Amino acid sequence: MYEARKEEFRMSKEQALKELDRALGYITGHELSKEDKGRIVEDAIENYNNYVNPGWLKYRKSVSTNAAFVEWMDHDSYFYDVYGEEFIDCLGGFGIYMCGHRNPEILEAVEAQLHRQALHSQELLDPLRGYLAKAMAEITPGDLQYCFFTNGGAEAVEMALKLARIATGGRWYISTIGGFHGKSMGALSMGGKGTYRIPYLPIVQQVQHVEYGVAADIRKAIKNLTAVGEGVAAVILEPIQGEAGVILPPQGYLREVRQICDEYGVCLIFDEIQTGMGRTGSMFRCEEEGVTPDIMTYGKAFGGGIMPITGIIARPHLWTQELQDNPWILGSPTFGGNPLACAAAIATINFMLKYDIPQQAKEKGQYLIRKLKEVQAKYPRVLTEIRGIGLMIGVEFPKSEIGYIVAKGMFARRVMTAGTLNNSKVIRFEPAATTSYKDFDIVVERFEQAVAEADKQIDSL
């Protein structure tokens, strides 16, 4: 029995090495033959079905014309499948490509750092983390100062939630219906859609959800909890709800929530993972109302579309003596704030400031929204509303089925857009700020063609 298992393992190891050598051959750049391209597509389908999740292909089929589409390379505002088919990217990795795909200036910094040092010992001082933290303190509003770097958005939210508890002593959180903050257990507990929460209940119990955009509901929730002796650690919200369908709150909402939190001594957390880094026409959305949160999360475009990096920045009074005495108590992610990721973020901030990416997003967003509204005027049965700010734009349809038809129509015309996790009647446009006006005109032209197709089918839905 032992010998049989040993032989089985040997054969399995040899097969794995053969597969890995082939994959590395694709990665290291030899020119792909027609057979290579076909094999890559076949392997992708088989591997996703057998080793990732078979549901992924079904999901992709709902918004594309070909679930087997395999992306292979990218640059600027475009990405390409393994056969070289070009797509204009208006999904933008759900907001990560503010500076375009493989931005040369950011890529150059990452490659230079890679040849010097990729990761760090985690014991000695890493200078890039310090440079990046100082830069964040300089470009964020108010007295936000201390940074903690993480790898993904949900992880950043977890750190924000933990920091609020440790700094205030409160235990409850106030979040909003329709809000989206990630899918780890703490972040998911703040989420505002049952679809993602129900399978994992019970999760963090001390969370009360209120209607987004209604500051009075936040006041009432805090007041009632305080009255019965329950301390509130934080209010967490998105300055604009992204996954809910690009929902903009009423003017003055953020300021009023800030006043309520000050009144009750509650920490205010703004989740700017999607709205920040220039996406909405300012470096961070809260700047538009002159509001400084106690903690702000950031991510998505922070790594310049090259490296994954996210984090939080907090006001000095939250960095309590307990956190100073034990710097690891908040968290110790192995790869958080590593040199490669920090190099990418430093280069990204530099690029955004040098070329005024927030202003580009503001101006190009105004242009794109105006053009989309012109299409809406022609097809009011198909398009319920065009809304957004900067290059965070939501297009709403009367029914989800219409949205699927338009998304598929756009995909067939080689434009990538996206649905939203919390509101399937909305598709989002989150292109790079570096996208040209010429490409935006092409996108609108193809969008109108897809909408016209949907208009012909609307009576049968």
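The values are calculated or read from the model by the stated rules, or taken from the named source; none is laboratory data. Not measured: the values here are computed from a predicted model. Glycine gets a Cβ as well: all are built from the backbone with ideal geometry, and neighbour counts include every protein chain shown. Protein only, heavy atoms only, side chains kept; ligands, DNA and RNA dropped before computing areas. Shrake-Rupley method; radii C 1.70, N 1.55, O 1.52, S 1.80 Å.
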Just give me the residues in the stretch 140-152 being open to solvent by less than 30 Å² (accessible area, probe 1.4 Å), touching a helix residue (DSSP H, G or I) at 6+ places or on another chain (Cβ under 7 Å) and not in a strand (DSSP E or B), in sequence order. Pro141, Leu144
What tally of residues in the stretch 19-44 results from selecting those that are open to solvent by 60 Å² or more (accessible area, probe 1.4 Å) and either in contact with a Phe, Trp or Tyr (Cβ under 8 Å, 6 or more places away or on another chain) or under 15 Å from Glu71 (Cβ atoms) (or both)? 1
Give me a count of the residues in the stretch 304-344 that are assigned to a loop (DSSP other than H, G, I, E, B), touching a Phe, Trp or Tyr at 6+ places or on another chain (Cβ under 6 Å) and among the β-branched types (Val, Ile, Thr). 1
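Looking at Gln208, Gln241 in this structure, which one is open to solvent by 50 Å² or more (accessible area, probe 1.4 Å), in contact with a strand residue (DSSP E or B) (Cβ under 9 Å, 6 or more places away or on another chain) and closer than 24 Å to Ala314 by Cα?
Gln208
Yes/no per residue for (1) closer than 28 Å to Glu288 by Cα; (2) of a type outside the set (Ser, Thr, Tyr); (3) at pLDDT below 95; (4) under 20 Å from the mean Cα position of the chain (by Cα):
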position: Gln117; (1), (2), (3), (4): no, yes, no, no
position: Met136; (1), (2), (3), (4): yes, yes, no, yes
position: Asp143; (1), (2), (3), (4): yes, yes, no, no
position: Gly152; (1), (2), (3), (4): yes, yes, no, yes
position: Glu155; (1), (2), (3), (4): yes, yes, no, yes
position: Leu161; (1), (2), (3), (4): yes, yes, no, yes
Confirm whether Gly281 is open to solvent by less than 40 Å² (accessible area, probe 1.4 Å) and either modelled with pLDDT under 95 or in a helix (DSSP H, G or I) (or both). no
From the list Thr292, Thr297, exactly one residue is of a type outside the set (D, E, K, R), surrounded by fewer than 24 Cβ atoms within 10 Å (Cβ to Cβ) and in contact (Cβ under 8 Å) with a residue 60 or more places away in the chain. Which is it? Thr292
Checking the structure you have, find out if any residue of the stretch 372-393 is open to solvent by 10 Å² or more (accessible area, probe 1.4 Å), at pLDDT 95 or above and at positive phi. yes
Exactly one of these conditions fails for Arg428: (1) at pLDDT 95 or above; (2) open to solvent by less than 10 Å² (accessible area, probe 1.4 Å). Give me its number. (1)
Verdict on Ala160 being closer than 27 Å to Met283 by Cα and crowded, with 18+ Cβ neighbours inside 10 Å: yes
Filtered residues of the stretch 240-272 (kept if under 19 Å from Lys300 (Cα atoms), out of contact with any Asp or Glu (no Cβ under 6 Å at 6 or more places or on another chain) and of a type in the set (D, E, K, R)): Glu243, Glu272
Name the one entry in Arg258, Arg197, Arg219 that is in a helix (DSSP H, G or I), among the charged types (D, E, K, R), free of Cβ contacts under 8 Å to residues at least 24 places away in the same chain and open to solvent by 10 Å² or more (accessible area, probe 1.4 Å). Arg197
